[in-house]
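A.B. asks: I am attaching a structure below and will ask some questions about it afterwards.
The values are calculated or read from the model by the stated rules, or taken from the named source; none is laboratory data. Bear in mind the structure is a predicted one, so any value in this text is a computation, not a measurement. No Cβ is skipped: glycine too gets one built from the backbone with ideal geometry, and neighbour counts run over all protein chains shown.
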Amino acid sequence: MTIIDTHHHFWKYSTAEYGWIGDDMKMIRRDFLPADLKKTLDEAGVSGAVSVQARTIVEESDWLLSMAEKHDFLRGVVGWVPLTEKDVEKHLERLSTHKKFKGVRHVIQGEPDNNYILRPDFNAGIKKLLKYKLRYDILIFERQLKPSIKFVDQHPNQMFILDHVAKPKIKERILSPWREDMIALGKRPNVYCKISGMITEADHKKWTSADLAPYLDTALQAFGPKRLMFGSDWPVMLVAGQYKSWVELVKETIKRYSAAEQEQILSKNAITAYGL
């Protein structure tokens, strides 16, 4: 069965550009480039991937596209543009000429204001995405879910993709209000959700599949097999586990569904949502 990883990053490591990689994550303080990912994907039986921005500069979008153009297994790019700036459309117009430019993302989780996603200037930028048939990846912590639901409701025709199941408090084993908010967000038909980035929200050294189960079950309940997508958050996820093990855990979790529905989660939803 074909598998597409809808969420990974590349970087040439420097402390200046990747200061968020703290001492507890020092094992990923090195370069991660296409050759590294290709080896990892091949070992796990994954055939393609979507590159997602890790730096909040337009040059990040260009850099990811330059690699995607050289490697067929890199199926699409989710880049960064200055959505709050009045001249954002000039970047969207230029980048959208690349066939692998599929969407944009802003690091909402890093904004101190939990309501940043509701800012008028930010939403003005989001409104420009439809013209270029671009998706928007929502990167938030669970505490930002409620304003994100209001945000989505302002753009009923825009395709949204939620990253990392909104980063619940897995390590603390706290389900509410994340669970209720996820179910509410899942009622919006224009939102897809990535099963990704979960093990780094758990105890890096002690997590078990049982720790993840209630969060995976909630995601499955909220979005179902028609709007869930497999993702990893490689190489960030390596601080808490191995890539192939994560692939196998997700495959085991979705065995409750039919073969056709499993295929939707593992690849077909990615193709539909991102237009791969």
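A.B. asks: Need the failing condition index for residue 94 against (1) touching a residue at least 24 places away in the same chain (Cβ under 8 Å); (2) over 28 Å from residue 198 (Cα atoms); (3) among the charged types (D, E, K, R), just the number.
C.D. replies: (1)
A.B. asks: Next up: Out of 141, 101, 122, report the one residue that is more than 30 Å from residue 66 (Cβ to Cβ) and among the aromatic types (Phe, Trp, Tyr).
C.D. replies: On the way: 101 fails: more than 30 Å from residue 66 (Cβ to Cβ); 122 fails: more than 30 Å from residue 66 (Cβ to Cβ).
Exactly one residue qualifies, and that residue is 141.
A.B. asks: Ok, one more. Within the stretch 224-267, count every residue that is in a helix (DSSP H, G or I), within 24 Å of residue 190 (Cβ to Cβ) and in contact (Cβ under 8 Å) with a residue 60 or more places away in the chain.
C.D. replies: 5
A.B. asks: Might you check whether a residue that is crowded, with 20+ Cβ neighbours inside 10 Å, of a type in the set (Val, Ile, Thr) and in a helix (DSSP H, G or I) occurs anywhere in the stretch 123-145?
C.D. replies: Yes - at least one qualifying residue is present in the stretch 123-145.
A.B. asks: Looking for something within 18 Å of residue 267 (Cβ to Cβ), touching a helix residue (DSSP H, G or I) at 6+ places or on another chain (Cβ under 8 Å) and either in a strand (DSSP E or B) or touching a residue at least 24 places away in the same chain (Cβ under 8 Å) (or both) - is there at least one such residue anywhere in the stretch 152-160?
C.D. replies: Yes, the stretch 152-160 contains at least one residue that is within 18 Å of residue 267 (Cβ to Cβ), touching a helix residue (DSSP H, G or I) at 6+ places or on another chain (Cβ under 8 Å) and either in a strand (DSSP E or B) or touching a residue at least 24 places away in the same chain (Cβ under 8 Å) (or both).
A.B. asks: Okay, next question. Within the stretch 198-223, take every residue that is touching a Lys or Arg at 6+ places or on another chain (Cβ under 7 Å) and assigned to a loop (DSSP other than H, G, I, E, B) and give me the one that is farthest from residue 9 (Cα to Cα).
C.D. replies: So the residue we want is 203.
A.B. asks: Quick one: how many residues across the stretch 139-160 are of a type outside the set (Phe, Trp, Tyr), touching a Lys or Arg at 6+ places or on another chain (Cβ under 9 Å) and under 16 Å from residue 198 (Cβ atoms)?
C.D. replies: The total comes to 3.
A.B. asks: Taking the options 168, 214, name whichever one is out of contact with any Cys (no Cβ under 9 Å at 6 or more places or on another chain), buried (at least 21 other Cβ atoms within 10 Å of the Cβ), farther than 25 Å from residue 34 by Cα and at pLDDT 95 or above.
C.D. replies: So the residue among 168, 214 that is out of contact with any Cys (no Cβ under 9 Å at 6 or more places or on another chain), buried (at least 21 other Cβ atoms within 10 Å of the Cβ), farther than 25 Å from residue 34 by Cα and at pLDDT 95 or above is 168.
A.B. asks: Enumerate the pairs (first residue in the stretch 19-35 and closer than 27 Å to residue 76 by Cα; second residue anywhere and charged (D, E, K, R) and surrounded by 11 or more Cβ atoms within 10 Å (Cβ to Cβ)) with beta-carbon separation below 6 Å, excluding pairs fewer than 6 apart on the same chain, so at least 6 apart or on different chains.
C.D. replies: 21/29; 31/12
A.B. asks: Still on this model: Mind listing whichever residues of the stretch 60-100 are part of a strand (DSSP E or B) and either more than 15 Å from the chain's Cα centre (by Cα) or more than 26 Å from residue 117 (Cα to Cα) (or both)?
C.D. replies: 74, 75
A.B. asks: Looking only at residues in the stretch 220-236 that are of a type in the set (A, V, I, L, M, F, W, C) and surrounded by 24 or more Cβ atoms within 10 Å (Cβ to Cβ), which one is farthest from the chain's Cα centre (by Cα)?
C.D. replies: 223
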